[in-house]
Amino acid sequence: MQESCRVGDVLGHPATLTRLVPDDAHLTNVVMQERDAAPGGRSASAAHPVTLLGANPAIRDAAFTAPVLRGEDAAPDTFMITGMLMP
């Protein structure tokens, strides 16, 4: 029980991230360490996923961890976000 309090819901956190990512985006990788999460992926607009993640009370301090790579022509943006998952 103490470990669960320290690291949070090990199976629930990935589910929360995938549920919060907008339909126009998809995750290509997720790095998790205890409550820290760093999802990366592609989206038509990289601002959309970070805005939705940051507005949700399940994630605190959502921010880009690297510059957004803008896609050429109609290619999607590539992004990497970090945030802390709340219990």
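The values are calculated or read from the model by the stated rules, or taken from the named source; none is laboratory data. Remember, it's a predicted structure, so these values are computed and weren't measured experimentally. Positions of Cβ are backbone-derived with ideal geometry, glycine not excepted, and every protein chain shown enters the neighbour counts. Only protein heavy atoms, including side chains, enter the accessible area calculation; ligands, DNA and RNA are left aside. Shrake-Rupley method; radii C 1.70, N 1.55, O 1.52, S 1.80 Å.
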Exercise. Which entry in (1) -0.35, -1.42; (2) -0.48, -1.37; (3) -0.39, -1.32 matches log10 I(q)/I(0) by the Debye sum over Cα atoms at q = 0.13, 0.26 Å⁻¹ derived from the coordinates of this structure?
Worked result: (3)
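Based on DSSP H runs of at least 4 residues, each adding -39500 (n - 2.57), what is the mean residue ellipticity at 222 nm of the chain after dividing by all its residues, to the nearest 500 deg cm²/dmol?
That calculation yields -7500 deg cm²/dmol at 222 nm.
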For this session: Can you tell me how much longer the chain between Asp23 and Val68 gets when fully stretched, taken as 0.36 nm per residue apart minus their C-alpha distance, in nm with one decimal?
Result: 14.3 nm
Seminar exercise, completed: Taking a crude spin-label model, label points 7 Å out from Cα along the C-beta direction, the Ala44 to Met84 distance in nm is 3.4
Exercise. Under unit Cβ charges (Lys, Arg +1; Asp, Glu -1), what dipole magnitude, rounded to 20 debye, does the chain have relative to its Cα centre?
Worked result: 180
Problem set entry | Accessible surface, the chain, averaged per residue in Å² (probe 1.4 Å) | 63
For this session: Keeping every protein chain in place, order Thr78, Thr65, Thr16 by accessible area at 1.4 Å, biggest value first, i.e. largest first.
Result: Thr65, Thr78, Thr16
